[in-house]
Amino acid sequence: MKLFFSAGEVSGDVHGASLAREIKKIAPSTEIIGFGGNLMAEAGVKVVRNFKDYNIMGVVEVLRNLRKIFKLLDDLTEIIRVEKPDLLILIDYPDFNWRLARRVKKFGVKILSYIPPSAWAWRKGRAKDCAKIADFFIAIFPFELPVYEAAGAKIYFLGNPLVDTVKPSMSKAQARKFFGVNESEEVILLMPGSRKQEIKLLLPPMLETVKLLPDKRFFLPVADGISNLIDVKGLNIELVESSRRYDIMQIANAAIATSGTVILEAALLNLPCVVLYKMNSLNFLIGKLLVDIKYFSLPNILADEKILPELLQDNVTPQRILEEINKILDNRAEIVKKLQSACKKLGEHGAAARVAKKILETAKNEEL
């Protein structure tokens, strides 16, 4: 059996790697090729194109790089045509992946959407369009199902794989010893994201906030390929390898983080965050017209309550971040309790194995 994964960013690489490992456990002879990153490659996927060479975010940036993006689409389309996989698995990254899906649909390739477009939040009409293209959908949040079911899609919620993958490699005591942190010290993490644009826009106000909290210990996990974008000289910030992020998360008191999967990872480790999101003005204006949600961080959406503070655009200032960090530190126990309740909605352990089983059944054209 041959599968093709398409994941165009860090979070998709994490999910793709988890699925690849589980698929190999169930059916070791399965050949998995695709568009992804280093984690997928380490999990046994033959990565034909690495997303780090195409890491682009935002309407303006995409327009500037259209030629490069369409060349990638052409390349992947041809690879899929030649390889003839039994199933194409789209892993998030909707604007690119659904263009790819439309192109390869004509080859008769079956398509499964894992982490489908967020039609529950914006452009709800996409659900009907996507249902005409993909054969199956697997969501990682329960609140995604209604809009797709209404569109006639075959969609399943089998749990969220982060419940299994978000695990420290050491105990809290070991982590404190490893990072040289005493229990009396308050630790704050800086997590500016993995995209160049996120780091450019959000790291500076984070660094300014550090100057306002001289009595705290600050750590910054550095993702693969972005160390050259991080400059913390002269500041009380210790850099940590991204592979150690769960270890430092479990002993941190709070975090300042860019909105994304990392916020949910932190929630699973009982780490409250001040959630930041900022983009260029044109992208923000376009987003305001299209997006209709109360909250933009996943724990808040799961809980349907503002558990974590969210700072958007002009509110992303050192003073506002400082205010929210202090609130978290003063009310941490209550916030953690609410985070734990929200995370229960992600389902039981073993989601990746259940999704892997479904992928193999779909590739064989079997029904659950």
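The values are calculated or read from the model by the stated rules, or taken from the named source; none is laboratory data. Everything quoted here is computed from the prediction, not taken from an experiment. All Cβ positions, glycine included, derive from the backbone under ideal geometry; neighbour counts span all protein chains shown.
Do we find a residue being of a type in the set (A, V, I, L, M, F, W, C), at pLDDT below 95 and within 22 Å of E9 (Cα to Cα) anywhere in the range 144-157? Scanning the range 144-157 turns up no residue that is of a type in the set (A, V, I, L, M, F, W, C), at pLDDT below 95 and within 22 Å of E9 (Cα to Cα).
Only residues that are free of Cβ contacts under 8 Å to residues at least 60 places away in the same chain and not in a strand (DSSP E or B): list them for the range 23-36, please. First the steps, then the outcome.
Initial filter on the range 23-36 (free of Cβ contacts under 8 Å to residues at least 60 places away in the same chain): 24, 28-29, 31-36.
Once the filter is applied, which keeps residues that are free of Cβ contacts under 8 Å to residues at least 60 places away in the same chain and not in a strand (DSSP E or B), the range 23-36 yields K24, P28, S29.
For residues that are loosely packed, with under 15 Cβ neighbours inside 10 Å and either of a type in the set (D, E, K, R) or more than 23 Å from D74 (Cα to Cα) (or both), tally how many sit in the range 103-121.
Residues flagged as loosely packed, with under 15 Cβ neighbours inside 10 Å and either of a type in the set (D, E, K, R) or more than 23 Å from D74 (Cα to Cα) (or both) within the range 103-121 amount to 1.
Here the range 253-262 is the region considered, the condition is being among the aliphatic types (A, V, I, L, M) and surrounded by 24 or more Cβ atoms within 10 Å (Cβ to Cβ), and the residue that is modelled with the lowest pLDDT is V262. Here is the figure for the range 47-68: residues that are surrounded by fewer than 19 Cβ atoms within 10 Å (Cβ to Cβ) and modelled with pLDDT of 85 or more total 3. The range 169-276 holds strands (runs of 3 or more DSSP E) entirely within its bounds, and those carrying 1 or more residues that are of a type in the set (S, T, Y) map to 254-258.
Take the range 143-167 and flag every residue that is under 28 Å from K106 (Cα atoms) and either without any contact (Cβ under 8 Å) to a residue 60 or more places away in the chain or in a helix (DSSP H, G or I) (or both). Once the filter is applied, which keeps residues that are under 28 Å from K106 (Cα atoms) and either without any contact (Cβ under 8 Å) to a residue 60 or more places away in the chain or in a helix (DSSP H, G or I) (or both), the range 143-167 yields E144, L145, V147, Y148, E149, A150, A151, G152, A153, K154, I155.
Return yes when V187 is assigned by TED's automatic domain parsing to the domain that holds E241, of a type in the set (V, I, T) and farther than 17 Å from V275 by Cα and no when it is not. Here the answer is no, as V187 does not meet what is asked.
Taking into account only those residues within the range 5-46 that are β-branched (V, I, T) and modelled with pLDDT under 95, which is surrounded by the fewest Cβ atoms within 10 Å (Cβ to Cβ)? Going through the qualifying residues, I end up with V14.
State whether one or more residues within the range 340-361 are within 27 Å of L207 (Cα to Cα), within 21 Å of the chain's Cα centre (by Cα), crowded, with 17+ Cβ neighbours inside 10 Å and not basic (K, R).
First, the residues of the range 340-361 that are within 27 Å of L207 (Cα to Cα): none.
There is no residue in the range 340-361 that is within 27 Å of L207 (Cα to Cα), within 21 Å of the chain's Cα centre (by Cα), crowded, with 17+ Cβ neighbours inside 10 Å and not basic (K, R).
Here is a check on your reading of the model: is I307 at pLDDT 95 or above, outside any helix (DSSP H, G or I), over 18 Å from the mean Cα position of the chain (by Cα) and not hydroxyl-bearing (S, T, Y)? Yes: the conditions hold for I307.
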